[in-house]
Amino acid sequence: MLKKIPFIMVAALMILLIITPCFADNDHGKHQESSAVDAFLFPIQIFRNYISGADGNRCPMHPSCSTYSMEALKKHGPLMGWVMTCDRLLRCGRDELKLSPSIMVRGKTRTYDPVSNNDFWWD
Amino acid sequence: MKIKLYDTRVILWVPMLLFLFFWVISPVLAGNQKPGELTINAEQQYRFAMGYFKQNQYFKAIAEFERFIYFFPDNPKVDEAKYHIGLAYYESGRFREAIDPLSEVAEKSPDQHLRTRALFRLSETFINLADYQSAITLLDHVAETAKKPVIRDEAHYRAGWVYLKLEQIEIARQRFRMISPQNHHPFRVQELEKELSQEKLYPKKNPRLAGFLSILPGAGFAYCERYQDALVAFLLNTGLILAAYESFDSGNEALGGLIAFVGAGFYAGNIYGAVASAHKYNRDSHQRFLDQLKAQTQVTLSVVPENQGIMLGFQVNFF
């Protein structure tokens, strides 16, 4: 059992290292979302409101990954929304920065990658 | 009794009489206008609206054209005013609002030339709304009903570009070939044929192959030349799979289930992302082809005969 703990810890650490920067919310406290929070949106709201603010605006994409996730969940439902969220987290801040257009958001350059850029071929 | 001009009575009374005369007749000269009132006729109102339009002040132009239509509904320029309302909405990017005025002119105007202009503009409006099928339907209608060959040819030319946008190269080629021989030069049909044959040289990725390769996490991304994404997808999915296996193997089903749920999402996301990446690769490749095609085959003002074509100096500027 003791031998297997490092594997689990490494996996958990990898998840945290890769996904938490990309869940950084660039719009702290400025979203005016509906008060009716869907069950699938609730964890994201918790993250945006109570966790994301701790490390500042770090997502290099626009919309931010948390916003993207919420839009994908609202547009395509829980299953496809979850898959698209995971896809975004895999791509965030890497090759997409070179391949997608840039946009100025509040004086900072971000890479423009909306939901419509990732579902145009089947939606 | 002689009255001399320098007589005091002349100097006093003549100006007074003149003043009284003009004071009495001035309402007659002014018509029924009351003091302080301004009367604008149809021509003035139309020019006023057109002035705003030419200054690119489209919202003011729309308001003034609507005022013109309201106060002068029987004026012969009403259809032109409606057309310019549609055009003002189009130029200001409000494509949905442009549809109604342009449609009304296209359907009801007795002026054939104006109807055709409205139809072409309406087709561009639908293209900007990504409703390509409606645009093609309109262009087909023009091609079938227009009497002048140059207008039919322009409809074929425009439809060809819409099919190019839809990546239907062969249909686009057929539409370009439907342009009448005497207009091959203005529409640069030979250059189009030559450039269309180059389309196969632009690289494409197979989305199904990308999805199949993603069974091995990251391989699909690597196939789409996204090597950083491929590395992250491989490491993360491998780590999660191992972690889930170890959790279940150690009897920790709850943790294993949670990791498996997260892992399943990232595995599916890896496949979805690879397929989407292939589609994006193909879209970008096709756009480069269209940009090259536009640069090589641009139709210019100097070759389209004035007053014979609808859109003088038509350029493919809606893609």
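At-a-glance table
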| item | result |
| --- | --- |
| Sparsely packed chymotrypsin sites (Phe, Trp or Tyr not before Pro) within segment A:93-123, loop by DSSP, other Cβ within 10 Å at most 12 | A:Trp122 |
| Shielding by partners - mean other protein chain Cβ count within 10 Å, residues of B:128-136 | 0 |
| Inter-chain shielding of B:272-283 (mean C-beta neighbours from other protein chains, 10 Å cut-off) | 5 |
| Candidates per GluC sites (Glu not before Pro) in segment B:112-185, loop by DSSP, up to 16 other Cβ within 10 Å | B:Glu167 |
| Listed residues A:Asp87, B:Asp74 arranged by accessible area, highest first, probe 1.4 Å | B:Asp74, A:Asp87 |
| Acute angle (nearest 10 degrees) that the helix B:95-108 long axis makes with the longest principal axis of chain B, alpha-carbon atoms | 60 degrees |
| Accessible surface, per residue, of segment A:36-117 when the full set of protein chains is kept, probe 1.4 Å, Å² | 47 Å² |
| Angle in degrees between helix B:8-30 and the longest Cα principal axis of chain B, rounded to the nearest 10 | 40 degrees |
| Cα-based helix-to-principal-axis angle, B:227-249 vs chain B, degrees rounded to 10 | 50 degrees |
| Spherically averaged projected area of segment A:36-117 from its Cα convex hull (nm²) | 5.7 nm² |
| Extension reserve of the B:Met178-B:Arg94 stretch, reckoned as 0.36 nm per residue once the Cα distance is removed | 27.0 nm |
| Occluded residues from segment A:81-119, i.e. those whose accessible area drops by 20 Å² or more once the chain is not alone (1.4 Å probe) | A:Trp82, A:Val83, A:Cys86, A:Asp87, A:Leu90, A:Arg91, A:Arg94, A:Asp95, A:Glu96, A:Leu99, A:Asn117, A:Asn118 |
| Cross-link pairs A:Lys75/B:Lys54; A:Lys75/A:Lys108; B:Lys194/B:Lys280; A:Lys108/B:Lys294; B:Lys77/B:Lys165 - those with Cα-Cα distance over 30 Å | A:Lys75/B:Lys54; A:Lys108/B:Lys294; B:Lys77/B:Lys165 |
| Sulfur and carbon atoms: percent of accessible area, chain B [1.4 Å] | 59 percent |
| Pairwise centroid distance, computed over Cα atoms, of segment B:95-112 with segment A:60-111, Å | 39 Å |
| Contour excess over end-to-end distance, with Cα ends at B:Phe19 and B:Asp111 and 0.36 nm allotted per residue | 27.9 nm |
| Residues whose placed amide H lies under 5 Å from that of A:Met61, excluding near-sequence neighbours | A:Thr111 |
| Accessible surface of B:Thr8 - all protein chains present, 1.4 Å probe, nearest 10 Å² | 90 Å² |
| Solvent-accessible ranking of B:Phe212, A:Phe47, largest area first, probe 1.4 Å | B:Phe212, A:Phe47 |
| At most 15 other Cβ within 10 Å, DSSP loop - GluC sites (Glu not before Pro), segment B:195-233 | B:Glu225 |
| Packing-based ranking, highest mean first, of A:113-119, B:109-115 given that Cβ atoms within 10 Å are counted | A:113-119, B:109-115 |
| Gain in span if fully extended, B:Glu43 to B:Leu209, counting 0.36 nm per residue against the direct Cα distance | 53.3 nm |
| 18 Å Cα-Cα reach of B:Lys200 towards aspartates and glutamates, excluding residues that sit fewer than 8 places from it in its own chain | B:Glu167, B:Glu170, B:Glu191, B:Asp284, B:Asp291 |
| 3J(HN,Hα) from dihedral phi, segment B:85-91, Karplus parametrisation 6.51/-1.76/1.60, rounded to Hz, x for glycine, proline | 5, x, 5, 5, 4, 4, 5 |
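The values are calculated or read from the model by the stated rules, or taken from the named source; none is laboratory data. Remember, predicted model here, so these are calculated numbers, not experimental data. A quick note on method: Cβ atoms are made from the backbone with ideal geometry, for glycine too, and the neighbour counts reach across all protein chains shown. Surface areas here come from the heavy atoms of the whole protein model, side chains and all, with no ligands, DNA or RNA. Shrake-Rupley method; radii C 1.70, N 1.55, O 1.52, S 1.80 Å.
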